[in-house]
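Readers should treat all values here as calculations from the given coordinates under stated rules, not as data from a laboratory. Since this is a predicted model, take the numbers as computed values, not measurements. Here Cβ is always computed from backbone atoms with ideal geometry, including for glycine, and neighbour counts include all displayed protein chains.
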Amino acid sequence: MQKLIDFSVQTCPMPQEQAKNIAGFFTPKEFAKNDLLVKEGRVCNEYYFLNEGFARAFIYDLERNDITTAFYAPNNVVCKLYSFFKRIPSKENIQALTNCTVWFHTFDELQQVFHSMLLFREFGRTILINEYAKGKISIRRKKKPSLVNHYFFRSRINNGDMYVSPYVRPS
């Protein structure tokens, strides 16, 4: 539980006693390697703090190949937040890559704590903001051209080709 307490203090600065109160609302749970924490097509009903182990999020392409969309390491929130808060089926799966131990609470439990403990509401809001920011950074990285493409386009321009990349200014 100490990792969850430390995470609480790092996420939303607060006294240790209040962090212990927040951690007290979570319940321990274990997942075996390959278990699904979240299943595509089902509403994500549990909010996890990954204490030990590793997990990944993935989707299936049109040919049913799985495509990893995220990795989760210890001391991180593991949840499909959009599904969790909007109460709609998840479009992704989250799978344990190793045996995992988590601290969790359900949607209904979270709602009760949000309404009864102001600091917990602030803690949750900070996590949402951080997850939103991580998502935006990830999207930006995917839009940014790779160095290989950058140098490939630059060499084409320098060799007299007429192709001009929007990412590179001719020298």
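Structure notes:
- Number of positions in region 57-90 that are charged (D, E, K, R) and closer than 29 Å to S8 by Cβ: 3
- Filtering F84, F104, F49 for residues that are more than 19 Å from I5 (Cβ to Cβ), hydrophobic (A, V, I, L, M, F, W, C) and not in a loop (DSSP other than H, G, I, E, B) leaves a single hit, F84.
- Listed by first and then second residue, the pairs linking a residue in region 58-69 that is farther than 17 Å from A96 by Cβ to a residue that is loosely packed, with under 10 Cβ neighbours inside 10 Å, with Cβ atoms under 8 Å apart and 6 or more places separating them unless they lie on different chains, are I67/D61.
- Considering residues of region 7-29 that are part of a helix (DSSP H, G or I) and touching a residue at least 40 places away in the same chain (Cβ under 8 Å) only, the residue surrounded by the most Cβ atoms within 10 Å (Cβ to Cβ): S8
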